[in-house]
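The values are calculated or read from the model by the stated rules, or taken from the named source; none is laboratory data. Bear in mind the structure is a predicted one, so any value in this text is a computation, not a measurement. Don't worry about glycine lacking a Cβ; one is built from the backbone with ideal geometry, like all the others, and counts go over all protein chains shown. The protein model used for the area step is the full one, side chains on, heavy atoms only, and it has no ligands, DNA or RNA in it. Shrake-Rupley method; radii C 1.70, N 1.55, O 1.52, S 1.80 Å.
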Amino acid sequence: MNSFTKEILANTTPEQSLNLLLEGNNRFVNNLKFNRNFLHQLQETKDGQHPHAVILSCMDSRAPLEHVLDQGIGDIFSLRIAGNVLTDEVIGSMEYACQVVGSKLILVLGHSRCGAVTGACNHTSLGKLDTILARIHPIVEKVREKNQGKEVSQTELIELVTMENVRSIVEQLQRVSPSLTQLIEEGQIGVVGGYYDVVSGKVELIC
């Protein structure tokens with residue numbers, strides 16, 4: 001399978017980009033991954049890159065994006081940080097991907113059994129990690145408030161916070177960057193949120 005070119009990317013829609021990722025995940029789950037020639041893709045991309053999507057995900061070793069979504073060299077921008085939190089650096093990277101390179105889709109991807117979310121729910125404190133967990137704490141409180149009076153186990157709380165964190169980031173991306181907002185309003189890029197199950201390997205869209 002060949003890598004994306006500038007021409008192919010220019011004619012790709014956000015919907016097509018999303019379908020490529022979901023189809024890739026379906027292949028992964030069914031162990032039907034494309035047999036790519038990575039050395040050939042190295043040569044194809046040596047003079048430039050044209051990824052069709054940019055993905056914000058957690059650093060968790062159980063969720064290697066290119067494998068999980070069956071993407072090749074040069075197909076996606078991968079932004080990985082504990083808890084898939086949104087920072088200025090992440091936003092700037094997305095602006096570069098979408099405004100400069102022309103990527104068509106932003107996927108925010110949380111995952112089950114997330115260590116960062118677990119830490120935030122448990123009020124863990126660990127050096128510089130606290131700055132990351134602080135971005136998740138308001139989501140924890142929001143979920144607790146929404147579920148007041150209900151029997152919610154710690155495991156359920158972690159998964160609810162993981163999903164709400166994704167939804168919150170997708171909502172923020174509509175307004176935190178003028179350039180991204182314009183591209184979204186013009187229909188040039190799409191922004192979606194997903195949830196990856198580390199047990200089944202399945203990615204599901206949640207917003």
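Values as computed for the structure displayed
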{"item": "Single residue of segment 133-157 satisfying the filter (among the aliphatic types (A, V, I, L, M) and surrounded by fewer than 19 Cβ atoms within 10 Å (Cβ to Cβ)) that is modelled with the lowest pLDDT", "result": "VAL152"}
{"item": "Residue, most open to solvent (accessible area, probe 1.4 Å), within segment 160-195, restricted to residues that are among the polar types (S, T, N, Q) and part of a helix (DSSP H, G or I)", "result": "GLN182"}
{"item": "Of all residues in segment 28-63 being open to solvent by 40 Å² or more (accessible area, probe 1.4 Å) and of a type in the set (D, E, K, R), the one that is nearest to VAL198 (Cα to Cα)", "result": "ARG62"}
{"item": "Unmet requirement for GLN182, which otherwise passes all of (1) under 20 Å from the mean Cα position of the chain (by Cα); (2) closer than 30 Å to GLU23 by Cα; (3) not small (Gly, Ala, Ser)", "result": "(1)"}
{"item": "Residue count for segment 83-133, restricted to those that are outside any helix (DSSP H, G or I) and within 12 Å of the chain's Cα centre (by Cα)", "result": "9"}
{"item": "Flag if ASN19 is of a type outside the set (A, V, I, L, M, F, W, C) and either closer than 29 Å to SER112 by Cβ or in a helix (DSSP H, G or I) (or both)", "result": "yes"}
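Per-residue answers, yes or no, for (1) in contact (Cβ under 8 Å) with a residue 24 or more places away in the chain; (2) not β-branched (Val, Ile, Thr):
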residue: ASN147; (1), (2): no, yes
residue: VAL152; (1), (2): no, no
residue: GLU164; (1), (2): yes, yes
residue: SER200; (1), (2): yes, yes
